[in-house]
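Take a look at the structure below.
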Amino acid sequence: MKSKWFSFGCLTSVLIIIIMIFSMFRIFGSIGKGFQKPKIEKIVDGSWLRMDISGQIVDYNEFEDNPFSGSLTANKTSVYEIVHKINKAAQDDKIKGILLEPKFIACGYANLHEIMSALENFKSTGKEIYAYLDMGMNRDYFLTTIADRIYLNPSASAGILLTGVGSGILFYKDMLDKIGVEFTVIHAGKYKGAGETYTRNELSEPVRKNLDRLFLNVYNSVLTKIAKNREIEIDEITKIYENREELFINQENALNYNLVDELIHKEDLYNELGVTKKNLVSLSKYKIPTFKKSKSNIAVIYAQGGIVMQSQGFGTENITAAKLNKILDKIEKDNEIKGVVIRVNSPGGSALVSEIIHAKIKKLRKVKPVVISMGNVAASGGYYISAESDYIFADPFTITGSIGVVAMLPNISKLTDNIGIHEQDISKGKFSNAMSIYSKPDESMINSLRMSIKETYLEFKQRVADGRGIPIDDVEPIAQGQVWSAEDALQNKLIDETGMIIDAIKKAAELSSIEEYTIKYYPQQKNFFEEIIKDKLDIDIAETVFSNQINEDKGILKAWQLFKSIKNDPLQAVMPFDLEN
């Protein structure tokens, strides 16, 4: 079967290598700089911690010194790093307060909520947080509302852009028709719309209604949080989002709407607060705290990214059974680890890999309690691996559910005919030509897949029923590929409680009957350079370089990653679209 993809793979590899050659000379300098660890600043009494965070924020970085997190790609930091540094600063007598200066943050609201919770704890120590904005976008402003005061640049070119919550969904059918590529999509669950982007030009009505409800819930949660933090009536905040005339909220209107407290240039604000170069500490140079060792530990495992058969290269976040189950095996044998928290941030992926991981978690549960903490997204396969647990927490901004299965079979027969490439297949056996991209699947192949999907969907629902302790007949109404907000998931008994990762850790300790413990984080952070040497510089790294160059066009990149995943693994428990709001 792999031979069917040989020519396609060769063409892809050649294109990647060509792009890599042109890129390497430009980026090697950046890589070299990336290997240099940031210099830790000396902290004096009365220092201010400057949180100038921007770009992508992930749950956890597996590399402690990843040069690809610098100028080579969008600046990527982690909630893990930010929260631990905030918690350390809260207890650091030399840190007077925090200057919060977000700019073009890109992440889900659940990640921001974790950071805001840590900042709230920081404020509870009596220290102050001041936020400053030049140009505040949705997530930038949402984060700053936790501050004691918000300051805005008085320039006419500054402002705040509050657009709301949603997702732009790309449909590829017309483009694929023009180039001669066709997808055969089979799904279980009328709301399982993962293949609709390849076979339709708009959402089906059931999927549209489901997504509309989901985003309305998330939207209301965002507005409620802002209203509470800024002490504004929810109706007033709603008017700002829905009835204002201007796109960019200018300085005077920002004051009138009570979105900010004062207009001031940052240099003047620094002078008022007594902030100098000597007592200003950058978050990136503030050392993360060290963790004490203990004989009673809670393990926190970060499972983030798509669920795939095998890793898709350096820099990509994905979950494989080989990687995650190795960690679970190690934890099972570690007598000092009393309880386990799995932080799931995944839209799903391979149904088979999800089942393999599910079985491993079930085995671990016989030895130690397992608590799930859901991040931005824990849907489809992400929910599959969460169901077998003792307790499930979802962040109030989590997107979950999507219990369903889909199969997608691409064929490029029209494309090859148009460009003059012809295949002559010589094979024996009824399904010897199965999943060939050079021919349209026949009816026997489609019927076979339908049977497989039906069986996989039934198995998925049974796993949910067993894990959640509910009758399987009660699963179908909340399954069918429907995507849920945390609020709806709680009502539908898909989760036990809304809460954050710290709540999950406390629950794991409670179920383990321990009061004093330390936390061990997995995967254990690795040295990036050593990992490259160990795994060899191969085409995966070249592809990562290429992928990072087109990182801004996330819709196309995610479609390409999904296309790679279904090549040899067509049965997918994957969320319909990129809904990381």
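Any read-out appearing in this document is the output of simple, stated calculations on the displayed coordinates, not a laboratory observation. All values reported here derive from a predicted model rather than from experimental measurement. Reconstructed Cβ throughout: ideal geometry from the backbone, glycine too, with neighbour counts over all protein chains shown.
The label-point distance for residue 224 and residue 84, in a model that sets each label 7 Å from Cα toward Cβ, rounds to 3.3 nm.
For residue 120, put the label point 7 Å out on the Cα→Cβ axis and report which residues of segment 219-243 keep their amide N under 19 Å from it. Hits in segment 219-243 for residue 120 at 19 Å: 219-234.
The length gained on full extension between residue 334 and residue 427, counted as 0.36 nm times the residue separation minus their Cα-Cα distance, comes to 28.4 nm.
Residue 227 sits among other residues whose Cβ lies under 15 Å from its own Cβ, and their net charge, with Lys and Arg +1 and Asp and Glu -1, is -1.
Summary of packing: across the peptides 269-282, 500-513, the per-residue average of other C-beta atoms within 10 Å ranks them, highest first, as 500-513, 269-282. In this structure, residue 366 and residue 293 have a Cβ-Cβ separation that, at R0 = 41 Å, corresponds to a calculated FRET efficiency of about 0.95. Using θ = phi - 60° and the Karplus relation 6.51 cos²θ - 1.76 cosθ + 1.60, list the HN-Hα couplings for segment 216-228 in order, rounded to whole Hz, with x at every Gly or Pro. Each residue of segment 216-228 in turn: 5, 5, 5, 4, 5, 5, 5, 5, 5, 5, 4, 4, 5 Hz. Local charge for residue 448 was computed over the other residues whose Cβ lies under 13 Å away, with Lys and Arg +1 and Asp and Glu -1, and equals 0. Ordering 358, 84 by the number of other Cβ atoms within 10 Å of each residue's own Cβ, fewest first, gives 84, 358. For residue 370, neighbours were defined as the other residues whose beta-carbon sits under 11 Å from its Cβ, and their charges (Lys and Arg +1, Asp and Glu -1) total +4.
Dimensions of segment 352-445 from C-alpha coordinates, computed as largest minus smallest value along each principal axis and given longest first, are 57, 31, 20 Å.
Largest first, the three principal axis extents of the alpha carbons in segment 244-310 are 55, 40, 24 Å in whole numbers. Going from the residue with the fewest nearby Cβ atoms within 10 Å to the one with the most, 399, 356, 179 rank 179, 356, 399.
Each of 230, 149 was scored by other Cβ atoms within 10 Å of its Cβ. Listed from fewest to most, they are 149, 230.
Going by a ≥ b ≥ c, the root eigenvalues of the Cα gyration tensor, does segment 304-400 fall in the rounded group (a/c under 1.5), the prolate group (a/b larger than b/c) or the oblate group? Cα axes put segment 304-400 in the oblate bin. Between the alpha-carbon centers of segment 236-290 and segment 300-379, tell me the distance in whole angstrom. After rounding, the separation between the Cα centres reads 39 Å.
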